[in-house]
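Reviewing the structure listed below.
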C-alpha cells in the first residue's frame, strides 16, 4: 500500500534557500562529490542528465560559483512516453550567494535534467549540483503499530498464523490507528511507540499522511457502498501532526536530559530546576487531544528542533567519547579553530591515497561543526536548544559519521595529540605504532597468475563507548554505567606505496627533530634501516619466486617489526627523553629487531644463490633439464611433490589452473590433473620413442614422488631421475643425422622492407617468405618450442639457457628470430654468446639468425636462400610429410573469411559451434598466460566429442604475436610461456579442430585472399592458401527480431513515415506511434542492403554487426 497512490509528486517546489550559503555548499560538494559540476561557456547553453532509479525520493541542490544563472530543471519518467515534469521554471535566479533546491518523489525511473542558459552572459559560469536519492521509506509508525499488536496477539505462540488471525490483527491495527488519528489514544497506550519516535528519525507529517491513506484504503475495502466525504482535510492532518510532534518531543525528554547532564551544558545556578521542570511534565493518562494544552511549554521550548536535530542529540549522548575529546582539545576557541583547519588541510594531503584514514578524516570534518553545541556552556535549556537549531545544514543521518569517529577515537586522539598539527608529526606517531604492534605480511602469488604483494599491519586500542543500561530512565546518582570491556584493536594496513610514503616522511622528519628528542631520533633512524631491510627481503623473495625456487611459490611470510615481549611498547609508554638508561635500552631493542630481519634477508640471499648453483649443476648432469625454463622446472617439481594438509601449493595451483572449485576437487581429481599436466610438459619436447601414456607416467610418478619438506637439491635429484627414466635420457635428440662442423652458425638475411610514408598497421615482418624459410630450415625433424628463440620477448636468462642447449644438443637445429626488435642491451648479450660459440672448440647445433637489418657478422656464415626455400607450397609439403612420418595427427584448421559484417560469426555459431566448443576472442592484446590457462582447463574437461576451438580475431589484433603463437601451437604442437612457466601441448592420439575467423577491412583495398595472406601468412601456409569465404550468396543475412526491427525503421525512414508527430490520446488507449512489422525476410534484407551502401559502412558496423554477433 505504501507510496503507490501517486506516481509523481513535488514535495518542495524549486526555491532559493537563503539559509544555505552557496560557498559552503560548493565546498562540501567539492569534498564529497568532486565531479558534480559542469561549465557553461559564454553565450552558450549546457545541461547535465542524472539517472534516477525507481521508487525514489529526490532532493536536488544547485549553486553557482559566481554571477547569476538561468536554471531550468525537469524530470522525464521512463514509463510516461517522454512526458516531462517541470521542476523549476527558467527564470533568472541569483544563486551565486545561495542554493536553489527542490524535492520530489517518483515511482518510475527517469532522467533528471539540469539546464543552464548562459546565452546572455559574457563570461563562463561553473555550476555545482548535488542530487540525493533515497528509496521511498516505509511507514515506520504503521510498521510499529502492526508489530506491537501482532506480538501481543500471536508473537508468544509457536503455532502457524492463520488468515483469520491476520484479519483479527489488522482489525485491531486499524482500530488503534483510528484512536490515534481521532486523538482518543492515551499516552500510556503509546509507550511501545516511543522507540520508533526516538530511533527511526521519522518525518511526522509524512507518517501522518501515510496513516490517513492506510485508513482510507481500509475503509474503502470494508464498505459495500462508497462512503461520501471521506477525504481528509489539510486541517485534520495539521492537527494530528501537532499532536504527534509534541509526542515526539515528549519521547525525547529523557534523551535531552541525559545529554544536558552528561556534558554539563547548563551553567546557571538553576540548572537542576530547569531539568526537574521538564521531568515533572510526564502525565501518561493524558490523551493525544489534550497533549497540546498539557505540554504547551514543551512545545514552546523545542519547537525549533527538527527530527534531524533530535537524532543528533541522541547520537551525541551515545558517542560520549567524541564530545569529550572535542571539548578537551578546545577546538572551538579562536586558536582551536585555526589549529583544526591546519590539521584538516595537512591530514587531507597526507591521506590522499589512504582510503581508510581518508574516510575517518572526512567523518571527523563533517561532525566538527555539529559537536559545537555539546561542548559549549549555555545559560538555559532554551539557549542550548537555540544553538542546536542554528547549526548549518547537515545530512539527515549524522549518526554514521559520529559512529565512525567514535569507533576510531584512539586514532583521532592521536592526530590531536601532536604539538604541531602537520604531516611529519603523524609520521612520527605511525613510527611508534609500528614498533608497538607492526607486522609485515608478504604474499607470493605469481604461480596462480596474481600479483605478489607485501603490506604492513599495525593496530591501536579502540576506546569503548559508555552507554547507560536503560536509555529510557533518567540519569541518577545511583545509576551505573556498563563497565568497559578489554579494549578492542583497530587494525590499519599500509600498502607498498604507503610504506614508501612513510619512509619519505620520516626522512623529512630527521631534519626537523631537535637534539633533545633523542628517543625519537633513535627510533626514526633505526626504522628507516628496518624498512629498507624489509624491502630487501621482499625483493629477494620476488627473485626467488621468479627464479623458480619451489619453496617460494604461494609462500606467505610474516615478519615481526615489534618485539614479541613488548619491551619496546612498555618503554615508549613510560619513558621521558631525559632518561638516558631507558634510551640506551630502547636503542639496543630496536637495533636487535633490525638485526633479526637482516639475518633473515641474508639467509634468503644464500637460498637464492644455492638454488641457481644447484640448478646449473643438475642441468649439467641431466641434460633434459636444459629444455625447460627455471619456472617450468619449478612447476615440474611442484607436480611431483606430494601434497600435505599444511602445504597445499599443488592443490591451489591446479585448482586455479583448471578453474576448479573446492567441492569438485578431491585427491583422485588432483592426481588425475597432475598426470595430465605432466603430459603437457613432456609432449612439448616432441619425443616420439618414449611411452607418454597416462599409465606409464603415473607409475613413474609414484616411484619418483618427491617427499614433503625436501630441500631444493633433493627435489632436482628426484626430478632428474624421473625425466631420465621416462624419456630415456633424451637419447632420441642425439641421433646423428649430419656431419657436425666446427662452426654451424648462419645468418639468414631477409628481404628488406622500405618504410612507407603512411604505414599500414596490418603489415608486419612475419610474412609468408619468413615462415617458408623457417619451415624449410626445420624440415629435418618436427620442431619443438625449445628450438626457437623469439628475441622480442626473451630475457637474459632465456638467451643464456638457449645457447647452453645449442652446445648440448649438437644434432639439432636452432633458430633465433626477431633479432632486429631486441633491446640494445640484450642484443649485446646475444652477440657475446654468439662470439663465445664461435670461439668454442666443442661441437654445437646448427644456428640460424634471422634478420632484415644485419647483412654480415664475424662468425656467421651467409645462408643462401633459393626460390625453392622461399616457396610456401614446398614448405607445406615438407611439413605434412613430417607429420605423416611420425604418425602424428595434424590439427584441423577451418579458416572462415569474408567482408566485415557479412555474417562470418553468425555462420560459425549456427553451423559449426556446439555447446562444448571453446570460444575465444582476440582483440588488441594477446595474453599468452591466459590463453594457455584456458586451453588447459578446456582439455581437462572430459567431453565425448572431438575438441573444437573457435578463435574470433579482431582487425585490431596483434598479428605478429598471433602468428608467432599459431606457429608454436600448430607447427611445434605446444605453447610455452617462460614467464609463468605454463605449457600446453596438443595430444598425439586424437585431433583438435580450430575454427578461425579472419577479420577484414576495405580501408586498404585488399581482396579477401590478399588480406588473409598478409595478416596471417602462417595459416595461409598451413592451409595451402585455402579458406571458406562467406558471401551474400552462400550466407544470407539472418533475419531475427532485432534485424526485423532495424529493417522496419529503415523502411519508415526511407518512405518518410518516421516523421509523423506523436498525438496524445486517452491514457487507456494510448499506444504511441506504430510501424507495421515486415513479415517477409527478403523484404527485410532488401531494406537493409539498399540503405547500407559502402558510404554508410560505419552504420553497418554499428547496427547490424552487433546483432549478428
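When 1090, 1070, 1010 are screened for being modelled with pLDDT of 85 or more, surrounded by fewer than 13 Cβ atoms within 10 Å (Cβ to Cβ) and farther than 22 Å from residue 950 by Cβ, only 1010 passes. Filtering 441, 401, 433 for residues that are at pLDDT 75 or above, touching a strand residue (DSSP E or B) at 6+ places or on another chain (Cβ under 6 Å) and assigned to a helix (DSSP H, G or I) leaves a single hit, 433. In the set (1) assigned by TED's automatic domain parsing to the domain that holds residue 500; (2) surrounded by 15 or more Cβ atoms within 10 Å (Cβ to Cβ), residue 608 fails one condition alone, (1). The one condition from (1) more than 47 Å from the chain's Cα centre (by Cα); (2) surrounded by 18 or more Cβ atoms within 10 Å (Cβ to Cβ); (3) under 25 Å from residue 1028 (Cβ atoms) that residue 904 does not meet is (1). The residues of the range 850-867 that are in contact (Cβ under 8 Å) with a residue 60 or more places away in the chain and either touching a helix residue (DSSP H, G or I) at 6+ places or on another chain (Cβ under 6 Å) or in a loop (DSSP other than H, G, I, E, B) (or both), listed by number, are 851, 852, 853, 854, 855, 856, 857, 859, 860, 863, 865.
Among the residues of the range 513-535, some residue qualifies, meaning at least one is in contact with a strand residue (DSSP E or B) (Cβ under 8 Å, 6 or more places away or on another chain) and modelled with pLDDT of 90 or more.
State yes or no: is residue 350 modelled with pLDDT under 85 and closer than 16 Å to residue 387 by Cα? Judged against the criteria, residue 350 is not a match. Every condition in (1) in a helix (DSSP H, G or I); (2) free of Cβ contacts under 8 Å to residues at least 24 places away in the same chain is met by residue 874 except one, and the failing one is (2).
Got at least one residue in the range 331-338 being part of a helix (DSSP H, G or I) and crowded, with 17+ Cβ neighbours inside 10 Å? There is no residue in the range 331-338 that is part of a helix (DSSP H, G or I) and crowded, with 17+ Cβ neighbours inside 10 Å.
Scanning the range 686-707 for residues being within 16 Å of residue 989 (Cβ to Cβ), part of a helix (DSSP H, G or I) and within 43 Å of the chain's Cα centre (by Cα) gives a total of 2. If you go through the range 358-372 and keep only what is surrounded by 20 or more Cβ atoms within 10 Å (Cβ to Cβ) and in a helix (DSSP H, G or I), you end up with 360, 361, 363, 364, 366, 367. Of the set (1) more than 40 Å from the chain's Cα centre (by Cα); (2) at pLDDT 75 or above; (3) not in a loop (DSSP other than H, G, I, E, B), all apply to residue 292 but (2).
For the range 931-943, filtered to residues that are free of Cβ contacts under 8 Å to residues at least 40 places away in the same chain and part of a helix (DSSP H, G or I), the residue that is surrounded by the fewest Cβ atoms within 10 Å (Cβ to Cβ) is 934. Residue 305 passes every criterion in (1) at pLDDT 80 or above; (2) farther than 29 Å from residue 410 by Cα; (3) assigned to a helix (DSSP H, G or I) apart from (3). Here the range 793-847 is the region considered, the condition is being surrounded by fewer than 16 Cβ atoms within 10 Å (Cβ to Cβ) and touching a strand residue (DSSP E or B) at 6+ places or on another chain (Cβ under 9 Å), and the residue that is nearest to residue 858 (Cα to Cα) is 838. Restricting the search to strands (runs of 3 or more DSSP E) fully inside the range 715-818 and requiring at least 3 residues that are within 20 Å of residue 974 (Cα to Cα) and either outside the structural domain of residue 964 (by TED's automatic domain parsing) or touching a helix residue (DSSP H, G or I) at 6+ places or on another chain (Cβ under 7 Å) (or both) gives 788-790, 813-817. The strands (runs of 3 or more DSSP E) found wholly in the range 57-112 and carrying at least 3 residues that are at pLDDT below 80 and in contact with a strand residue (DSSP E or B) (Cβ under 6 Å, 6 or more places away or on another chain) occupy 85-88. Please go through the range 635-655 and pick out each residue that is part of a loop (DSSP other than H, G, I, E, B) and touching a residue at least 24 places away in the same chain (Cβ under 8 Å). Hits for the range 635-655 are 642, 643.
The values are calculated or read from the model by the stated rules, or taken from the named source; none is laboratory data. Note that the structure is a prediction, hence the values are computed from the model and not measured. All Cβ positions, even for glycine, are placed from backbone atoms using ideal geometry, and neighbour counts span all protein chains on display.
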